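Comments concern the structure below.
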Amino acid sequence: MSEGAEGAGTDSVIRDPGLAPGGLLKIEWVKSHMPVLAAITAELLGFCAGPGSASGRQPLAGLRVAACLHLEAKTANLLLSLRDLGADVVACGSNPLSTQDDVVAALIGEPGIRVYAWHGATPDEYHRFVGMAAATGPDIVIDDGADLITTLHADYPDLAARVRGGAEETTTGVIRLTAMAGDGALRFPVLAVNDTPMKRIFDNKYGTGQSCWDGIMRCTNLSVAGKTVVVAGYGFCGRGVAMRAVGLGARVIVVEVDPVAANEALMDGHAVMPMSAAAEAGDVFVTTTGCCDAVRGEHLARIRDGALLANAGHFNVEINLAHLAALCKGPPRRVRANVDEYRTRAGRRLYLLGEGRLVNLAAADGHPTEVMDLSFALQALAVLHIATGQLDGLGGRVVRMPAALDRKVAELRLASLGVELERLTPAQQDYLRAWQV
Ligand code: ADE
């Protein structure tokens, strides 16, 4: 293992506990912009300890929650809320570049929280940290990409067998877990938090739409206006990335394999073509496919000198990095933080951002705080749902989030903004129930 430090008074493994003051300030900032998570935490604590409560205790008391998440300040706020709700919290990173060392330093100063993570972990370190979180024997897991759940199954099958349930944060994780369930390999039920509207619409579309450009602009200090942006994949993330690119003054080309999504891209005003054609036209490439090889050798061979290559999908497989390296004479040159210059044998320069990892978390702070407030409010409700036995007996399945939980988060968000809903009158309710001619 490379440099690092044991956490203060815990068995945490982080880089430098001395960074805690900076991390505490970051957490303080996001906490004041995450009212929905705060309202849910307060309600759950009030419910359990309030008058007439049978238990009078924290709803997660006695439960260990292990989380494999992007360890930045908003995530820290979720982990603190789970701890306040009584959980024993263990966390590891879900991407080697998204862990913020000052944030995890602040976290391990808190009772009831252990962390195994540091920024820039090597692949071995990353997997070792995920394994350390798995080895603690969680009752409930929260995953972002399914690395913790797959590690539990592969390396700690006895511990996997005693997990009550999980909650998955991202599309890639849901796809992996659905494949696991299809193969009969999943040992416990997992809530697909990703798939619920209050997550997908706001986090995937508006969250990625803003944070991806935040990352690209921060690390390059270049203009988006006037450029041709190629967006690979027109799911919720791709739609957000394309929409914000237009807002920043770019022309957008969408590359898509699904005919319905391709039609939507056309109707949204974007050009649609295969990557083989888009490769020659683009100045900036952003991958959001959730699949490998969206940009591969045959495309890299055509991309123009000076182009930027960024990935906004969960894993660093969307731009084929082996193909990129094979085009070049020598190793890449780091020309700015999070910008690596690859010089091809033909003399073209291609700039890979954030090492091809999630650019919004490698080169910026992830999604806007208000957006993660919604996602993490859903995660807190998902954990409560599991803790109160709602998934018990379901076995190894990927389970939809109950619509009532989605609606609760939507209502709390509106309440936090002071926005009121229109209400149906009794006559309108009758009208909607009537079917007779
Ligand atoms: N911050 C914490 N988790 C995140 C995620 N999955 N995407 C973007 N920003 C985040």
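Each value in this text was obtained by applying a stated rule to the coordinates, not by laboratory testing. Here the structure is a predicted model, which is why all the values come from computation and not from measurement. All Cβ positions, even for glycine, are placed from backbone atoms using ideal geometry, and neighbour counts span all protein chains on display.
Observations on the structure shown:
- Figure legend. Inter-residue proximity from the range 176-188: first residues under 16 Å from Asp155 (Cβ atoms), second residues among the hydrophobic types (A, V, I, L, M, F, W, C) and surrounded by fewer than 18 Cβ atoms within 10 Å (Cβ to Cβ), beta-carbon distance below 6 Å, spacing 6+ or different chains. Indicated pairs: Arg187/Ala161.
- Number of the exception - Ala192 against (1) more than 24 Å from Gly389 (Cβ to Cβ); (2) within 16 Å of the ligand (Cβ to nearest atom): (1)
- Subset of the range 365-422 (residues that are assigned to a loop (DSSP other than H, G, I, E, B), charged (D, E, K, R) and more than 16 Å from the ligand (Cβ to nearest atom)): Asp392, Arg397, Glu420, Glu422
- Restricted to the range 83-102, and to residues there that are aliphatic (A, V, I, L, M), in contact with a helix residue (DSSP H, G or I) (Cβ under 7 Å, 6 or more places away or on another chain) and more than 14 Å from the ligand (Cβ to nearest atom), the residue that is farthest from Gly62 (Cα to Cα) is Val90.
- If the condition is being more than 14 Å from the ligand (Cβ to nearest atom) and either buried (at least 24 other Cβ atoms within 10 Å of the Cβ) or charged (D, E, K, R) (or both), then the range 60-80 contributes Leu60, Arg64, Val65, Ala66.
- Residues that are touching a helix residue (DSSP H, G or I) at 6+ places or on another chain (Cβ under 6 Å) and within 16 Å of the ligand (Cβ to nearest atom), drawn from the range 149-168: Gly166, Ala167, Glu168
- Scanning the range 125-174 for residues that are assigned to a helix (DSSP H, G or I) and touching a Pro at 6+ places or on another chain (Cβ under 9 Å) gives Glu125, Tyr126, Leu148, Leu152, Leu159.
- Test result for Glu355, within 16 Å of the ligand (Cβ to nearest atom), under 20 Å from the mean Cα position of the chain (by Cα) and either closer than 22 Å to Asn95 by Cα or surrounded by 17 or more Cβ atoms within 10 Å (Cβ to Cβ) (or both): no
- Among residues of the range 103-123 being surrounded by fewer than 24 Cβ atoms within 10 Å (Cβ to Cβ) and within 23 Å of Gly215 (Cβ to Cβ), the one that is nearest to the ligand (Cβ to nearest atom) is His119.
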